[in-house]
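Step one of this worksheet: look at the structure below.
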Amino acid sequence: MKLLFFAWVRQKTGKGEEDFALPANVATVGELADHLRARGPGYADAFADLSRLRAAVNQEHASFDAPVNDGDEVAFFPPVTGG
Amino acid sequence: MKLLFFAWVRQKTGKGEEDFALPANVATVGELADHLRARGPGYADAFADLSRLRAAVNQEHASFDAPVNDGDEVAFFPPVTGG
Amino acid sequence: MKTRIKIQTEPFDLGPELEELSQGAGALATFAGHVRGDDGTDTLILEHYPGMAEREIARHVDEAARRWPLLGVTVIHRTGELKPGERIVLVAVAAGHRREAFCACEFLMDHLKTTAAFWKQERRGGETRWVETKTSDDDAAARWK
Amino acid sequence: MKTRIKIQTEPFDLGPELEELSQGAGALATFAGHVRGDDGTDTLILEHYPGMAEREIARHVDEAARRWPLLGVTVIHRTGELKPGERIVLVAVAAGHRREAFCACEFLMDHLKTTAAFWKQERRGGETRWVETKTSDDDAAARWK
């Protein structure tokens, strides 16, 4: 799958985009966030408080309950501030 | 005083503007309209139905009860259709 | 506040008017009205009360500026003979934020339609008739009361 | 309906965009947003999610066209580094009548603020911070529900 990080999530994780093999025990956006949090200090910081994060699956806003599959494009970012 | 007519009021009276000596017995916009109606067929037609007319005194929308004085600029016209 | 009110027979372009007004403003809301040809109208003829039309518009601009914090307003209204597709009116409002710019722009358009001293004639296949007031325009203006 | 959605780093002028969109439309309502400098911001840095940002905007344009009869919509959003006074966003809506043009324009701006995948940083005297979501923007979008 493809992981994307934007705004301060990108800054904290230190990367904007990566190819990622979905672990077998990760079935939802929330489980993916939990998994990423354990990857190291930058990720721990970025994913510390999920209430401050939003996610998209295949470029559609998605809740943390939404399912993820290998092959999906999953993005994490703060609430948007466009316009 | 100065009289001004716009839109179909101008067409029916046959003039857009005239200098006019206010008769002594005319004190309001409505009385002025009544007076003008008696001036001839074009005026009779233009002022036949006051509910279809609007007026302004000195370039401000005015009701038919509004007072008129010599020296005023009084205009008669149909409801506006700008924009 | 920068106020610019023009009644003119000449056509005008949006670019120069809007670029200047938007200088220094966070938000610019604009409305441009054009002659519609879908009802078979081939010419629209606009007449106004010189002096009073400008005063009425200026009064509505003042009222809008009392209701919302505005930075600038431009109103341009054409008169004379206009063909389908030609621009009749522009109302542009510069403000700090979008909500007040939108509100003031709609407020001004609604009042322009119902109280500014303009009258329209439509020419269609050689026949000319005066356009009558629309109840929907009165209703639109009444919602600001 | 003519739909035109562009996300770009280059500045853009209002004139050419609006003149083209207004062709054949009775009503054109537009909103342009500019970087404000009154809070001491010296640079605004915009980032977006390429692909998703365009899709979100397109979805809102479709929803607006379902709600109101529209003739055309143009949305241009800049990204990258912008200075005070520079234009960030343009939403322009062409329709037959003013009410639907205004409604759709406000609807699109409100949703652009709350759901399109853009993020802003403000740089002020050497310090850079991420702009947080405004409750007032969420409230503005919620009124269309």
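The values are calculated or read from the model by the stated rules, or taken from the named source; none is laboratory data. Source: prediction; values computed, not measured. Quick reminder, even Gly has a Cβ in these numbers, built from the backbone with ideal geometry, and neighbours come from all protein chains shown.
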Exercise for the section: Keeping to the stretch D:88-131, report how many residues are basic (K, R) and under 22 Å from D:R55 (Cα atoms). Expected result: 2
Exercise for the section: Identify, from the list C:T133, C:T114, the residue that is in a loop (DSSP other than H, G, I, E, B) and at the interface with chain B (Cβ under 9 Å from one of its Cβ atoms). Expected result: C:T133
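Residue-wise test of (1) charged (D, E, K, R); (2) within 12 Å of the chain's Cα centre (by Cα).
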| position | (1), (2) |
| --- | --- |
| D:V91 | no, yes |
| D:F102 | no, no |
| D:K113 | yes, yes |
| D:A116 | no, yes |
| D:K120 | yes, no |
| D:W130 | no, no |
Problem - In the stretch D:90-111, residue farthest from the other protein chains (Cβ to nearest Cβ) [restricted to those that are of a type in the set (G, A, S) and part of a strand (DSSP E or B)] - result: D:A95
Practice task
Of the conditions (1) touching a Lys or Arg at 6+ places or on another chain (Cβ under 6 Å); (2) modelled with pLDDT of 95 or more, B:P79 clears all except one; give me its number.
Solution key: (2)
Practice task
Scan the strands (runs of 3 or more DSSP E) fully inside the stretch C:1-89 and keep the ones with 1 or more residues being more than 7 Å from every other protein chain (Cβ to nearest Cβ).
Solution key: C:2-8, C:43-48, C:70-78, C:80-82
Practice task
Could you tell me which numbered condition B:G16 fails, if it satisfies all but one of (1) within 26 Å of C:E122 (Cβ to Cβ); (2) modelled with pLDDT of 95 or more; (3) within 14 Å of another protein chain (Cβ to nearest Cβ); (4) surrounded by 18 or more Cβ atoms within 10 Å (Cβ to Cβ)?
Solution key: (4)
Exercise for the section: Take the residues in the stretch A:33-72 that are over 10 Å from the mean Cα position of the chain (by Cα) and in a strand (DSSP E or B), then tell me which one is surrounded by the most Cβ atoms within 10 Å (Cβ to Cβ). Expected result: A:A62
Problem - Test: B:A21 is under 30 Å from C:E81 (Cα atoms) and either within 14 Å of chain C (Cβ to nearest Cβ) or out of contact with any strand residue (DSSP E or B) (no Cβ under 9 Å at 6 or more places or on another chain) (or both) - result: no
Exercise for the section: Would you confirm whether any residue within the stretch A:5-13 is surrounded by 15 or more Cβ atoms within 10 Å (Cβ to Cβ) and outside any helix (DSSP H, G or I)? Expected result: yes
Exercise for the section: Taking C:I57 as the residue in question, decide whether it is among the β-branched types (V, I, T), crowded, with 21+ Cβ neighbours inside 10 Å and at pLDDT 95 or above. Expected result: yes
Fill in the blank from the handout: For B:F77, the lone unmet condition from (1) away from chain C (no Cβ under 14 Å); (2) in contact (Cβ under 8 Å) with a residue 60 or more places away in the chain is (1)
Practice task
Inspect the stretch A:46-66 for any residue being within 11 Å of another protein chain (Cβ to nearest Cβ) and among the polar types (S, T, N, Q) and give the result as yes or no.
Solution key: yes
Practice task
Might you let me know whether the stretch A:28-37 holds any residue that is polar (S, T, N, Q) and closer than 24 Å to D:T135 by Cβ?
Solution key: no
